[in-house]
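Take a look at the structure set out below.
Rule-based calculations on the coordinates, nothing more; no lab input. Keep in mind the model is a prediction, meaning the values are calculated, not measured. All Cβ positions, glycine included, derive from the backbone under ideal geometry; neighbour counts span all protein chains shown.
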Amino acid sequence: MSDKTTPIRGNPGWAGETGDFEHLTEADVRGVAHVGKRPVAGGVPGASCSYPFQLADKHPDAVLFEGPYAERLEKMRSRYPTSRGALLPVLNLAQEVRGHLSPEAMASVAEVLDLPPALVRGVATFYTMYNKRAVGRYLIQVCTNVSCNLCGADDVVAAFLEATGCEPGEISGDGLFTVIEAECLGACGFPTAVQINERYFENVSAGDVPDILDRLRHEAAIAPGAG
Amino acid sequence: MAYPYAHEKETRVLTAHFGEPDARTLEGWTKRGGYAALRKALDMSPDDVIEVVKSSGLRGRGGAGFPTGVKWSFMPKGDARKPHYLLINADESEPGAFKDRELCRWTPHQMLEGALIGAWAIGAAHVYVYMRGEFFEPAQIVAKAIEEIYAARIAGPDIMGSGVSIDVTLHLGAGAYICGEETALMNSLEGRRGQPRIKPPFPAAAGAFGQPTTINNVETLCAVPHIVSRGGDWYRSFGTEKSPGTKLFNMSGHLVRRGNFEFPLGFSLRELIYDVCGGIRDGRTLKAVIPGGSSVPILHADEIDIALDYESVARAGTMLGTASVIVMDDRTNMVKQVRRIVEFYAHESCGQCTPCREGTSWLARILRRIETGHGRPDDIETLISLGRNMVGTTICVLSDSAAAPILSSIEKFRDEYDALIGTAEPAAAAV
Amino acid sequence: METVNCTINGTSVEVSKGTRIIEAAEHAGIGIAHYCYHAGLSAPAMCRMCLVEVEGAPKLVPACVTTVGPDQVIHTESEKAREARRGTLEFYLANHPLDCPICDKSGECRLQDFVHAEGRKHGRSIEPKRVLGQDDFGGDILYDGDRCIMCTRCVRFTREISQSSALDVVQRGSRSVIDTFFDHGTEGDPFAGNVVDICPVGALLSKDFLHKARVWDLDHTPSVCTSCSQGCNIRIDSRDNLVARLKPRTNPDVNSWWMCDYGRLRYEWMNAPDRLDQPLVHTDAAQLVPVTWKAAALDLVDRLGAADSPGVVLIGSPFLSNEDNGLLLQVAKALGETDAIYRSPRTDDEVVCPGFPKLARRRDLAANGRGLDALGFRRVGNDTATGGLPDVAGRILIVAGDPLADAPADYGADALVFVALAHHRTPALAAASMVLPITTHAESDGTFTNFEGRVQRFWPALDAPAGARPAWQVAGVLLAGLGAGQAPPDAGRAFLMLARLNDGFEHLSYEVIGTHGELLRVPALIDTADGD
């Protein structure tokens, strides 16, 4: 048990960074190896809603609900006694494919679930994870709520904004980043918590920001088309 | 011990296998005795299961502390025509709380086993895990666990050869704190805006999809297999008479060691801060503690000699809530942190009830003004008055939650407010 | 029915079990302030205005959803309840623009009312107000987000009653607004206009009424909509003798709280200028020249009395009252064998209100077709209210209300006598022996009979042109002049004469009909197949 205050350079932000996980790797902590790559069609219906809906790989014009996505949609629908019940998962699915929920995407969701479009808009705008406009390849959400705030979250936000050169909510010039402040991410013991697309970065300090961005730029360079 | 956030004084029941990657797998969990409790429960009658949980005195870990067994007993019996639902509240979003995320990602089967036992006890044929959308990693792990238990026939039709069918569905939220409120959670599950419902009807009568429903917190359900395995008396051997059992304490803020620590209820707050968590960082001194998540009244540094159980904390004028302890050192700008908390509630207010919709954002604006030195002398009285008008006047308690830190911080740290009033510049205090 | 007793503000009230406090209070004559509650909609209990104190309850309870418990002691005016309302009203005003001087709702705004009654004298907010601006919802509806108090009555109306679900709350918390689906409007919702009525503040506005009048300058007159045979109970709001708007008037048997936009926006005909205002007589020089009513009446009695008539053609109007049509029919019958006909517009579709299916915009697009049927008229012509005009050669022709828009210019020229009772001078009246100016439904007392045989009263909302008379009065004078009866002194007594034509009217009088109407006793007699 040690209290490390120096971040691990080069790979800051994974769950156990300040602590000493001894023999555990990041993959162990995140459970990546155990989970593996889950099928796009959703796997077991009960788990079909588990997909991330903020991916790096997204296409604003992608066709919704086709192929394996159609299969996943059906699985989602099968899990609720009403078609409306599947609304959140299906909105998630639309955002996963397109990156954000345009009016057309909301209309498509309304159509496949046979719901009034205004209702879909009302629901989509209630929840903050639905992007109502396009975001960068990496959506960087910095928790600035109390536990993180006490530990320097404001500096982390400022560092991200400075390093990406964009205004909050805007897409950086290279199309890679959008930085926003987020409410509590539920990782208060690991301040500052930052969610980048579906992945949590924890114990992030302002000084870690360049390393994190470098890592993301590297990822984008080696896999431009995929998350 | 592989898990770094462990302390030798802890009583590790729910967290015993944190830091063990193979405890996530069905095989690993079974090896650790997993699903024996479910097997045992399926051999008991639902009423007997409820009795065991009642006898343990287990109280809901989502914040309200309502006895779980009693809650289960509210579910109508013998009405097979109406589907019953068990909802797992994994929408952990209260600032300061981060226990359910850890429980889900290290021990998903612990939660699912508890849920299946609960579903059997209340006659639910479908369990929904309502997890906040941000929890990608825990969701993937829980999804994997669901796939494993379906494959092993622990979920789905005829679980463990018992003839009982229980489905499990993972449902992800999409970013709304209020969906942690049980009636808002039901609305959200139904594909609606996550707005709390007026009660009655209570969920046990007409909950999700209009059917009898029970909503339990992740941590609550994680305790259930242990109680079923070892009995109510065993569980009562931890904690206090009225607050039995162990609890995860979510330690955040200016502590040397932060993280989740499991202790019997009634553990000393001072010991938790100074011993378990190593005291205040950077050699600073303690200024204030929020003991139960951002929505509960703040304690002054000289009020921390209390036992952390529901009753003792209530006697100290605050609440145990989710046992999310936020520790603030002497450099903390109280007004700024209260403002940040209130802005959170303004951001998360669903907007139904006027006192909350208008009040939270109004309070935040006043606080922002005071923080930046533009406060007026009567602002503080206005804050108090508005805060009081927001208590008990709305459908849910989000409004009360926004008022609590304001009212308590003004009571205990009024000098900090006064010092900022009318100053041209924000005060020098940082962070 | 099982009942419970409770005490509200010291008054003991007995209500049926399951009654909500707000209804029980109303029963006892005690009003409880509210915004989101509307008797015709579900109650979300979110405006927090109706919080009342119930002895023994830990918190104030919302009166709109809490049912009365046995022996409950309820206080609506206790210090706690008043203080809660005062506090909540202050929150309502925190972002409200306070632009009453330019708000159409001013004078009938519940926010204004309650703040005046119980609000703080001075608001404490010095923060900049949230500005959301206006949004055109399409159709007749304009939304002012800054005035909106988020009671969601409109959302619930489009969900529960019109069931178009055109409106929803968008965003959350203090950023919430009401909106449609982006550029979709409310046009597809034939009942959307009702949201303006139920909006308790100036957030939803009628474009038609926008900045037209201050509501305290309006006169309110109970009436019946003329645009179809549903007979929605309405209120005519008029100013300076012009109809400014129509509003639905509550009648649970006909339209509850609602009316359709088709009817709501069809009132301009009542304001039409160039009305006939004195009797005209055809001279030998083939001109219509004005005469006095006395001269006209004497002349007409002479002409009709002298005519040795082989028969009478009476063309009535489904936009004129039972009294008008009925008494003219009695005149006609006194003159000889009568062919009583009328023409009325129809359409193919019925527009039913899904949440209150009793209400529909009926296929029959006139107010009183059923009334005319009951009196013994026969519908002729086609669905555009044209055609079907009979040959009147040698017969007496009486036309009331029908503008004969499709008639040839010399129609009626070969009639023995051609009397037209009209609102306007139209080309088809060129051949009339005499043209008599009559009042419209908006200017007179009378009754219509709706599609199901419900006889409903209306009252005069406008002053008629100086020389115009109700047709029933003209008919009464003729009856007296012809020695066929007495001229009734008022519409109520004219109504009593209808029983001569159909004894289904026998049990009815203006007193019996009241403001909510009453069914004809023998509706079977007046049954006309829908297709006709």
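Which percent of Cα pairs goes in each bin when the distances of the protein assembly as shown are cut into 20 angstrom slices starting at zero?
Pair shares across the bins are 11, 34, 29, 16, 9, 2, 0.
Let me spell out the model: positive unit charges on the Cβ of Lys and Arg, negative unit charges on the Cβ of Asp and Glu, origin at the Cα centre of the stretch C:1-119. What dipole size does that give, in debye rounded to 20?
280
222 nm [θ] for chain B, helices only, -39500 (n - 2.57) per DSSP H run of 4+, per residue, to 500?
Helix-only estimate at 222 nm: -12000 deg cm²/dmol.
For a quick check of your reading of the filter: which GluC sites (Glu not before Pro) in the stretch A:21-75 sit in a DSSP loop and have no more than 11 other Cβ atoms within 10 Å?
Passing sites in the stretch A:21-75 are A:Glu22, A:Glu66.
Which residues does the label zone of B:Ala151 cover in the stretch B:104-122, counting backbone N under 20 Å from a point 7 Å along Cα→Cβ?
Inside the label zone: B:105-113.
Counting partner chain Cβ atoms within 10 Å of every residue's Cβ in B:140-149, what's the average?
The mean count of partner-chain Cβ atoms within 10 Å per residue comes to 6.
Helix C:293-306: angle to the longest alpha-carbon principal axis of chain C, degrees 0 to 90, nearest 10?
For helix C:293-306, the angle is close to 50 degrees.
Could you quote the convex hull projected area for the stretch B:320-431, Cα atoms only and averaged over all directions, in nm²?
6.8
Please enumerate, by chain and number, the lysines with C-alpha under 17 Å from the C-alpha of B:Lys99, excluding those fewer than 8 residues away in the same chain.
B:Lys247
Take the Cβ-Cβ distance between C:Arg303 and C:Glu187 as r, set R0 to 35 Å, and report the resulting FRET efficiency rounded to the nearest 0.05.
Once rounded, the FRET efficiency stands at 0.10.
Could you sort the peptides C:418-425, C:21-28, A:188-195, C:295-302 by per-residue average Cβ neighbour count (10 Å cutoff), highest mean leading?
A:188-195, C:418-425, C:21-28, C:295-302
Using a Debye calculation, one point per C-alpha and no hydration shell, please list log10 I(q)/I(0) for the stretch B:90-175 at q = 0.14, 0.16, 0.19, 0.22 Å⁻¹ in order.
Result of the Debye calculation: -0.46, -0.60, -0.81, -1.02.
Could you tell me, in Å, what Rg and Dmax come out for the Cα atoms of the stretch B:289-366?
13.9, 39
Under the definition of partner shielding as Cβ atoms of other protein chains within 10 Å of a residue Cβ, what is the mean value for peptide C:61-69?
Other-chain Cβ atoms within 10 Å of each residue's Cβ, averaged: 1.
Would you calculate the convex hull of the Cα atoms in chain A and tell me its volume per residue in Å³?
Measuring per residue, one finds 135 Å³ for the Cα hull of chain A.
Which residues does the label zone of C:Arg82 cover in the stretch C:102-125, counting backbone N under 14 Å from a point 7 Å along Cα→Cβ?
C:117-121
All other residues with a Cβ under 14 Å from the Cβ of B:His17 taken together, and with Lys, Arg as +1 and Asp, Glu as -1, what is their net charge?
Details: positive: B:Arg12, B:Arg24, B:Lys31, B:Arg32, B:Arg105; negative: A:Asp28, B:Glu10, B:Glu20, B:Asp22, B:Glu27, B:Glu102, B:Glu113, B:Glu262.
Here the charged neighbours net out to -3.
Quick one: work out the % antiparallel among DSSP beta bridges in the protein assembly as shown, nearest 5.
60
Using 14 Å as the cut-off for backbone N distance, which residues of the stretch B:50-81 belong to the label zone defined by a point 7 Å from the Cα of B:Ser165 along Cα→Cβ?
B:81
So what is the relative contact order for the stretch A:44-184, in percent, with contacts set as C-alpha pairs under 8 Å and at least six apart?
20
Compute the long axis of helix B:334-348 from its Cα atoms, compare it with the longest principal axis of the Cα atoms of chain B, and write down the angle in degrees, 0 to 90, nearest 10.
Long axis of B:334-348 versus the principal axis of chain B: about 50 degrees.
Going by C-beta contacts inside 10 Å, put B:Arg24, B:Arg357 in order with the fewest on the left.
Details: B:Arg24 26, B:Arg357 29.
Exposure proxy ranking, most exposed first: B:Arg24, B:Arg357.
I need the shape label for the stretch A:89-131. Rule: rounded when a/c is under 1.5, else prolate if a/b > b/c, else oblate, with a, b, c from the alpha carbon gyration tensor.
Oblate.
Once you treat every alpha carbon in the stretch C:391-532 as an equal point and sum by Debye, what is log10 I(q)/I(0) at q = 0.12, 0.16, 0.20 Å⁻¹?
-0.61, -1.03, -1.26
Run down the lysines and flag those whose C-alpha is under 21 Å from the C-alpha of A:Lys58, throwing out any fewer than 8 positions away in its chain.
List returned: A:Lys37, A:Lys132.
Looking at the square roots a ≥ b ≥ c of the eigenvalues of the Cα gyration tensor of chain B, which shape do they give, rounded for a/c under 1.5, prolate if a/b is larger than b/c, or oblate?
Values: a/c = 2.16, a/b = 1.57, b/c = 1.38.
Here chain B falls in the prolate category.
Using R₀ = 60 Å, calculate the FRET efficiency as 1/(1 + (r/R₀)^6) where r is the Cβ-Cβ separation of B:Arg230 and A:Ala62; round to 0.05.
Details: r = 52 Å, r/R0 = 0.86.
Calculated value: 0.70.
Would you mind putting A:143-153, B:333-343, B:294-304 in packing order, based on average other-beta-carbon counts within 10 Å, highest first?
A:143-153, B:333-343, B:294-304
For chain C, what does -39500 (n - 2.57) per DSSP helix run (n ≥ 4), summed and divided by total residues, give at 222 nm, in deg cm²/dmol to the nearest 500?
Only helices count here, giving -5000 deg cm²/dmol.
Averaged over peptide B:94-103, how many Cβ atoms belonging to another chain are found within 10 Å of each residue's Cβ?
Taking the mean over all residues of the peptide, I get 5.
Summing +1 for each Lys or Arg and -1 for each Asp or Glu, what net charge is found among the other residues whose Cβ lies under 9 Å from the Cβ of B:Phe136?
Local net charge: -2.
How much net charge surrounds C:Arg395 when only other residues with a Cβ under 14 Å from its Cβ are counted (Lys, Arg +1; Asp, Glu -1)?
For residues surrounding C:Arg395, the net value is -3.
For B:Lys199, B:Lys412, which order do you get if you count the other beta carbons within 10 Å of each Cβ and list the fewest first? Please list the in-between numbers first.
On the way: B:Lys199 13, B:Lys412 20.
With the sparsest Cβ surroundings first, the list reads B:Lys199, B:Lys412.
Check cross-link reach from B:Lys412 to the aspartates and glutamates: straight Cα distance under 16 Å, and skip same-chain residues fewer than eight apart.
By straight Cα distance, B:Lys412 reaches B:Asp302, B:Glu303, B:Asp329, B:Asp330, B:Glu381.
Given the convex hull over the Cα atoms of chain C, what projected area results after averaging over all orientations, in nm²?
Average of the hull's projected areas for chain C equals 27.8 nm².
What FRET efficiency, computed as 1/(1 + (r/R0)^6) with R0 = 41 Å and r the Cβ-Cβ distance, is obtained for C:Arg266 and C:His27, rounded to the nearest 0.05?
Here the calculated transfer efficiency is 0.65.
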